[in-house]
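Okay, so here's the structure we're looking at.
The values are calculated or read from the model by the stated rules, or taken from the named source; none is laboratory data. No experiment lies behind these values; they were computed from the predicted model shown. With ideal geometry, Cβ positions are generated from the backbone for all residues, glycine too; neighbour counts draw on all protein chains shown. These accessible areas exclude ligands, DNA and RNA; they are computed on the full protein's heavy atoms, side chains included. Shrake-Rupley method; radii C 1.70, N 1.55, O 1.52, S 1.80 Å.
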Amino acid sequence: MYNAGKIIIGIVIFLALITAPFWYNFGKASTPPKLEIGTQEKQCVESKAFMQSSHMVLLDQWRDEVLRVGKRIYVNSAGKQYNMSLQNTCTKCHSSKTKFCDRCHTYLNVAPNCWDCHIAPKEQEKQAGRSDK
Amino acid sequence: MNALFSLVSALIAVAALVAVSWFGVGAIGLDSVFGVIIPYIALAIFIIGVVYRIVDWARVPVPFRIPTTCGQGKSLPWIKADNLDCPYNTWGVIGRMFLEVFLFRSLFRNSKAELREGPKAAYASAKWLWLFGILFHYSFLIIVLRHLRFFMEPIPSFVEAITSVDGFFQIMVPTVFISDLLFLGAVTLLFLRRVGLPQVRYISLPADYFALFLILGIGISGVLMRNFFKVDLLGVKSLAISLFTLHPAPPPGIHPIFYVHLFLVSVLIAYFPFSKLMHAGGVFLSPTRNLANVNRSERYVNPWNYPVKVHTYEEYENDYREKMKECGIPVDKE
Ligand code: HEM
């Protein structure tokens, strides 16, 4: 091999960059954050799988219906009625924003700006986004 | 090879990959095959393959110093030398490589030739390839860096910073990323350039289209996943982190579109070392770029020179001194 010194430095840099996530996560427990649903209710607005993946789509749809169509009642797939409101419906059940919405969002680097205007539920102890340990 | 054949065969190959992963997970439920086994194998092929290719290239001797130059070389002190276009020391080489790798400077010089009436040859600059190329590579880089949010816990702050700048316009929920639009746009334009320009179409092989379609497929499946079929990202991240902590555990119920995306990425990285995509490593090993143009001031020794056996005049005279003296031939040493 010619220029072995330079080639080896290059290969080491390549390996370090590619395997960085392995070293970064090395020895850490791989548990997702614990979410506190914050309610005794059994059922969310829609099925759990739908809410996990698509709650932002639902919220967006609610916002458009309320603000553009003026319709405030949502009927879910089971026929149950909900008031289409972020701060009066979701947070009625999910009483802790920081231990529910924020934990999951911080884990995935999602930062919705909704709370700039909408009022988050009052919480006893203010906690940082990911402090379930 | 026929242009249409190249295009269609590559398209069929990528469509088959999409179908395999879509039905493999959606219909047969091979989550752990597509979520764990294939990504690990692909990563191993990628790492070993890239290192192998680099070492393989490094074993090839460079017999001459062959930098391509396009500036004034260093000569007399009163002639201004151009160290970036005709490097005369290591700093010049480093500067030139930096501009090449980060700004694609040689593509910027791309020109087109045309035969006008007359017949007259006309040359003009052609910057489209450079523009599409640089948009493509930088948006790809930003997307990969943003993806670190799935691969690292806690998420490094630079990833958050890039993400918030990228989503600056806050259009739609979830926010559309500027880099996604640039990425899909640039790949599409690179494709259109390939089919649109007759000369380029003529030299395009299935391998050229395959890489393009594969990357386009990754981009489309990613955007579909973000903005159309929503997937459970909590599940995606726990899968990714479990892979990186070597405790693989694919969570149930992630939408098959995610596995299509992951499978196409796996195929891309496994294919990478053996394809033209290896230019990413090759650019550093190009003797036309990484050598200084100092042919006249420094001797370059061809590494495959073997020690030549020489017989100097002095040795010759030592051998025949007596005989030479006898015949009256003058000698250097008595
Ligand atoms: C060559 C590497 C890759 C490229 C070019 C790529 C490209 C993309 C693009 C363009 C998007 C659209 C949304 C966005 O930009 O965030 C996306 C989304 C996504 N990608 Fe990738 N991807 C790559 C690798 C991966 C890998 C290895 C994973 C495995 C965890 C992955 C998982 C995802 C997920 C889950 C989304 C959806 C994000 C969301 O809904 O916000 N990608 N990808």
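Structural remarks
- Residue in region B:239-257 that is assigned to a helix (DSSP H, G or I), facing chain A (nearest Cβ under 10 Å) and open to solvent by 20 Å² or more (accessible area, probe 1.4 Å) present: yes
- Residues in region B:25-47 that are touching a residue at least 60 places away in the same chain (Cβ under 8 Å) and aliphatic (A, V, I, L, M) were compared, and the one that is surrounded by the fewest Cβ atoms within 10 Å (Cβ to Cβ) is B:Ile41.
- Criterion (more than 30 Å from B:Leu190 (Cβ to Cβ) and of a type outside the set (D, E, K, R)) met by exactly one of B:Leu84, B:Leu129, B:Leu99, B:Leu76: B:Leu76
- Hits in region B:175-212 - residues which are open to solvent by less than 20 Å² (accessible area, probe 1.4 Å) and within 14 Å of the ligand (Cβ to nearest atom): B:Phe177, B:Ser179, B:Phe183, B:Ala186, B:Val187, B:Ala211
- Among the conditions (1) open to solvent by 30 Å² or more (accessible area, probe 1.4 Å); (2) more than 21 Å from B:Met97 (Cβ to Cβ); (3) out of contact with any Lys or Arg (no Cβ under 9 Å at 6 or more places or on another chain), B:Ala280 misses just one, which is (2).
- Matching entry among B:Arg105, B:Arg116 (being surrounded by fewer than 15 Cβ atoms within 10 Å (Cβ to Cβ) and modelled with pLDDT under 95): B:Arg116
- Only one of B:Val267, B:Val301, B:Val294 that is within 16 Å of the ligand (Cβ to nearest atom) and either within 14 Å of another protein chain (Cβ to nearest Cβ) or touching a residue at least 60 places away in the same chain (Cβ under 8 Å) (or both): B:Val267
- Restricting region B:76-101 to residues that are in a loop (DSSP other than H, G, I, E, B) and in contact (Cβ under 8 Å) with a residue 40 or more places away in the chain, the residue that is surrounded by the fewest Cβ atoms within 10 Å (Cβ to Cβ) is B:Asn89.
- Of the residues making up region B:128-167, those that are within 15 Å of the ligand (Cβ to nearest atom), assigned to a helix (DSSP H, G or I) and open to solvent by less than 40 Å² (accessible area, probe 1.4 Å) are B:Phe136, B:Ser139, B:Ile143, B:Arg146, B:Leu148, B:Arg149, B:Phe150, B:Val159, B:Thr163, B:Asp166.
Matching residues to (1) under 30 Å from B:Arg149 (Cα atoms); (2) free of Cβ contacts under 8 Å to residues at least 60 places away in the same chain; (3) more than 8 Å from chain B (Cβ to nearest Cβ); (4) not in a loop (DSSP other than H, G, I, E, B):
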position: A:Tyr2; (1), (2), (3), (4): no, yes, no, no
position: A:Gly5; (1), (2), (3), (4): no, yes, yes, yes
position: A:Pro21; (1), (2), (3), (4): yes, yes, no, yes
position: A:Leu35; (1), (2), (3), (4): yes, no, yes, no
position: A:Lys42; (1), (2), (3), (4): no, yes, yes, no
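- Residue that is farthest from the chain's Cα centre (by Cα) [pool: residues in region B:281-315 that are hydrophobic (A, V, I, L, M, F, W, C) and assigned to a loop (DSSP other than H, G, I, E, B)]: B:Val310
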